[in-house]
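Trainee: Got a structure for you, written out below as structure tokens; questions coming shortly.
Please treat every number below as a calculation from the coordinates, not as lab data. Quantities reported herein were computed from a predicted structural model and do not represent experimental measurements. As a convention, Cβ positions derive from the backbone with ideal geometry for all residues, glycine included, and neighbour counts pool all protein chains shown.
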Amino acid sequence: MSEPKWLAEARHYIGEKEVKGAKHNPLILQMFKDIKRSGIKNDETPWCAAFVGSVLERVGIKSTRFESAKSYLDWGSMLNEPALGCIAVFSRDGGGHVGFVVGKAQNGDLMVLGGNQSDAVNIRAFSRLRLTGYRWPVGVPDLPQALPILNAEKSTTEA
């Protein structure tokens with residue numbers, strides 16, 4: 001079975017990262033423009049929701065068009081369990097985090113493909129204890145697939 005189109009799109013950006021110093025990654029700045037938030041001028045602004053929104057917009061699905069991870073708690077349809085490609089929203093000190101579920105770790109942590117995970121687009125493990133919700137795009141058939149088990153590297157920062 002194939003993965004959702006937005007997940008395939010998100011994988012294209014693995015490895016993109018912030019540029020340290022006065023310069024900024026133009027792709028990250030474009031992510032804000034993709035969600036209609038063109039006033040952001042640096043890649044140090046938290047951009048996990050811009051990444052998720054940009055990916056969705058690029059495949060023809062309207063995002064929240066907001067740069068807040070928590071804005072996804074009211075978007076789409078709620079899922080009770082994770083499905084391959086669903087959007088997971090997490091809590092963190094000072095805010096939230098959002099990304100796409102791509103699997104699970106041996107210990108049950110969720111493996112998440114997201115932006116601004118240690119200042120880059122990558123796949124990292126997140127504890128389900130931080131989870132605040134799973135979401136699925138409205139109008140897209142829900143085709144739950146068993147989550148594959150992946151090797152885990154814990155997320156250390158998402159700010």
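Trainee: What is the distance in Å between the Cα centres of the range 20-41 and the range 97-151?
Mentor: Their Cα centres are 24 Å away from one another.
Trainee: Turning to a different aspect of this structure: Jot down the per residue volume, in cubic angstrom and as a whole number, of the convex hull over the alpha-carbon atoms of the range 48-134.
Mentor: 93 Å³
Trainee: Taking every pair of alpha-carbon atoms in the range 83-159, what share in percent sits in each 10 Å bin, from 0 to the bin with the longest distance?
Mentor: Reading the bins upward from 0: 21, 55, 22, 2.
Trainee: OK, next. Tell me the angle of helix 48-58 to the major Cα principal axis of the chain, expressed in degrees between 0 and 90 and rounded to the nearest ten.
Mentor: So the inclination is approximately 80 degrees.
Trainee: Could you give the Stokes-Einstein D for the range 71-119 in µm² per second, using the C-alpha Kirkwood radius, 4 °C, 1.567 mPa s?
Mentor: Values: Rh = 11.7 Å.
Result for D is 111 µm²/s.
Trainee: Right, next: Given R₀ = 30 Å, FRET efficiency for R92-S2 by Cβ-Cβ distance, to 0.05? Spell out each step's value before the answer.
Mentor: On the way: r = 32 Å, r/R0 = 1.05.
Efficiency computed from Cβ-Cβ geometry: 0.40.
Trainee: Relative contact order of the range 1-109, please, whole-number percent, based on alpha carbon pairs below 8 angstrom and at least 6 residues apart.
Mentor: On the way: 140 pairs, mean separation 24.3, N = 109.
Relative contact order of the range 1-109: 22 percent.
Trainee: Take the Cα gyration tensor of the chain, multiply each eigenvalue by 5, square-root it, and list the three semi-axes largest first, rounded to whole angstrom.
Mentor: 23, 18, 14
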